[in-house]
Amino acid sequence: QVPLVESGVGLVQAGGSLTLSCAASAVIFGPVTRGWYRQVPGKQRVLVARLVSDGTSSYADSVKVRFTISGGNVPSSVFLQMDSLKPEDTAVYYCNFMTLAIESWGRGKQVTIFS
């Protein structure tokens, strides 16, 4: 496993925006699928957005149009731009890197959207 560290503002008013960042603390070799998941208490962790090594991205229906995943210009990193935030977006957000050899998770970042 490669340690991943999430960062970003954790408290935003509904309708606002924020960007989550995730960086790997070591170089990850090979094609990498990068993703963001979220989890609320009592429910399973669910996929929010995924970025495949060929640049293809996909999103959960609940965040399409509002969220954008990108790899940026920093190696071994992934970002999640979140716009038009809603209270139901409140959750712990986790980044995930996966190759043929490894799968790594961040520790999670609490994001709270208040109305």
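Each value in this text was obtained by applying a stated rule to the coordinates, not by laboratory testing. Quick caveat, the model's predicted, so the values are computed rather than measured. Note that we place each Cβ from the backbone using ideal geometry, even for glycine, and neighbour counts take in every protein chain shown.
Quick one: putting +1 on the C-beta of Lys and Arg, -1 on the C-beta of Asp and Glu, what dipole do you get for the chain around its Cα centre, in Debye to the nearest 20? Kindly include the intermediate steps, with their values, before the conclusion.
Numbers: 10 positive and 7 negative charges, 34 e Å.
Roughly 160 debye, rounded to the nearest 20.
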The Cα extents of segment 56-115 along the principal axes, largest first and rounded to whole Å, are 41, 24, 21
Taking loop as defined by DSSP and a crowding limit of 16 other beta carbons within 10 Å, which trypsin sites (Lys or Arg not before Pro) in segment 1-110 fit? Lys43, Arg45, Lys64, Arg66, Arg107
Using the C-alpha gyration tensor of the chain, what are the square roots of 5 times its eigenvalues, in whole angstrom, with the largest one first? 23, 14, 13
Calculated from backbone phi, Karplus (6.51, -1.76, 1.60) coupling profile of segment 4-21 in Hz, x at Gly/Pro: 10, 10, 8, 8, x, 5, x, 9, 9, 6, 3, x, x, 9, 7, 10, 9, 10
Treating only the Cα positions of segment 1-65 as identical point scatterers, give the base-10 log of I(q)/I(0) from the Debye formula at each q in 0.15, 0.19, 0.30 Å⁻¹. -0.63, -1.00, -1.36
